[in-house]
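The values are calculated or read from the model by the stated rules, or taken from the named source; none is laboratory data. From a predicted model like this one, the values you see are computed outputs, not experimental measurements. In this analysis, Cβ positions are derived from the backbone assuming ideal geometry, glycine residues included, and neighbour counts consider all displayed protein chains. In case anyone asks, the SASA skips ligands and DNA or RNA and just uses the protein heavy atoms, side chains included. Shrake-Rupley method; radii C 1.70, N 1.55, O 1.52, S 1.80 Å.
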Amino acid sequence: MNKHISIQEAVNHIKSGMSVMIGGFLGNGNPHKIIDLLVQTPINNLTIIANDTAMPDYGIGKLVVNKQVKKIITSHIGTNPITGEMMNSGELEIEFSPQGTLAERIRCGGAGLGGVLTKTGLGTVVADGKQIISIDGVDYLLEKPLRADISLIGATKGDKAGNLQYFGTSQNFNPIMATAADIVIAEINELVEVGTIEPEFVHTPAIFVDYYVNG
């Protein structure tokens, strides 16, 4: 199966109202070319699941500024003041999830697990409306799994079968998000022949990747 598609074809898979995971950390590891084309479309009311909202003019922040997002499930928004302004004005719904908890919720979604038990967030607003489970006399917060309609992955290197490798902080969230969506689209910065990436450096096996674009 040829998984290579154009950036336009990648964006065509995204529809208004969808939930979209976007990998990376402060823009590093975001699929920038897909995002740049997405902001030129009328697609809106997206639910974004991501570690952060980058900066107003970089990465995921562009989608926020362009008002294409209705809700974000994220660990922090501090580097993008526009996100905070829109949250405070009621234009944007933010669900905060501690960074480690967010990662575990996505991992659970990809692994078919029912959730994760954690002490993080107990006694804070993070616990509001969530179930508390006691095990051996110790209370834990039940955090439910996260999945999405589409995951947009930013890979440093990938081969023509769809095996992916990430360098540095671009590895943050991308590997687990590649397991937790109905459709996974990778934007590959350096496309190489199959067999070029040593097996031990394949962070996301091709079986998880539905399509890829040249980044």
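At-a-glance table
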{"item": "Unmet requirement for ALA180, which otherwise passes all of (1) of a type outside the set (Ser, Thr, Tyr); (2) in contact with a strand residue (DSSP E or B) (Cβ under 7 Å, 6 or more places away or on another chain); (3) surrounded by fewer than 19 Cβ atoms within 10 Å (Cβ to Cβ)", "result": "(3)"}
{"item": "Qualifying positions in the range 56-103 - under 18 Å from ASN172 (Cβ atoms) and part of a loop (DSSP other than H, G, I, E, B)", "result": "GLY59, ILE60, SER75, HIS76, ILE77, GLY78, THR79, ASN80, SER97, PRO98"}
{"item": "The one condition in (1) among the β-branched types (Val, Ile, Thr); (2) farther than 30 Å from ALA161 by Cβ; (3) within 15 Å of the chain's Cα centre (by Cα) that THR120 fails to fulfil", "result": "(3)"}
{"item": "Index of the failed condition, GLY168 passing every other in (1) buried (at least 19 other Cβ atoms within 10 Å of the Cβ); (2) at pLDDT below 95; (3) more than 16 Å from the chain's Cα centre (by Cα)", "result": "(1)"}
{"item": "Members of the range 31-68 that are open to solvent by 10 Å² or more (accessible area, probe 1.4 Å), touching an Asp or Glu at 6+ places or on another chain (Cβ under 9 Å) and not basic (Lys, Arg)", "result": "HIS32, THR47, VAL65"}
{"item": "Per-region count, the range 20-30, residues surrounded by fewer than 22 Cβ atoms within 10 Å (Cβ to Cβ) and in a loop (DSSP other than H, G, I, E, B)", "result": "1"}
{"item": "Cross-chain or 6+ apart pairs with Cβ under 7 Å, the range 178-197 first and without any contact (Cβ under 8 Å) to a residue 40 or more places away in the chain, then acidic (Asp, Glu) and open to solvent by 10 Å² or more (accessible area, probe 1.4 Å)", "result": "ASP182/ASP149; VAL184/ASP210"}
{"item": "Near pairs, Cβ below 7 angstrom, 6+ apart or cross-chain, from the range 31-60 (at positive phi) to any residue that is aliphatic (A, V, I, L, M)", "result": "ALA54/LEU26; ALA54/ILE60; GLY59/ILE35"}
{"item": "Failed condition for PHE96, given (1) closer than 19 Å to MET55 by Cβ; (2) of a type in the set (A, V, I, L, M, F, W, C); (3) open to solvent by less than 60 Å² (accessible area, probe 1.4 Å); (4) in contact with a strand residue (DSSP E or B) (Cβ under 8 Å, 6 or more places away or on another chain)", "result": "(3)"}
{"item": "Pairs where the first residue, in the range 4-17, is hydroxyl-bearing (Ser, Thr, Tyr) and the second is modelled with pLDDT of 95 or more, C-beta under 8 Å, 6+ apart", "result": "SER6/VAL213; SER16/PRO42; SER16/ILE43; SER16/ASN44; SER16/ASN45; SER16/LEU46"}
{"item": "The range 1-19, residues that are buried (at least 23 other Cβ atoms within 10 Å of the Cβ) and of a type in the set (Val, Ile, Thr)", "result": "none"}
{"item": "ASP149 vs. criteria within 24 Å of ILE43 (Cα to Cα) and either among the small types (Gly, Ala, Ser) or touching a Ser or Thr at 6+ places or on another chain (Cβ under 6 Å) (or both)", "result": "yes"}
{"item": "Residue count for the range 108-144, restricted to those that are surrounded by 11 or more Cβ atoms within 10 Å (Cβ to Cβ) and acidic (Asp, Glu)", "result": "2"}
{"item": "Residues (surrounded by fewer than 17 Cβ atoms within 10 Å (Cβ to Cβ) and in a strand (DSSP E or B)) located in the range 190-204", "result": "GLU190, LEU191, VAL192"}
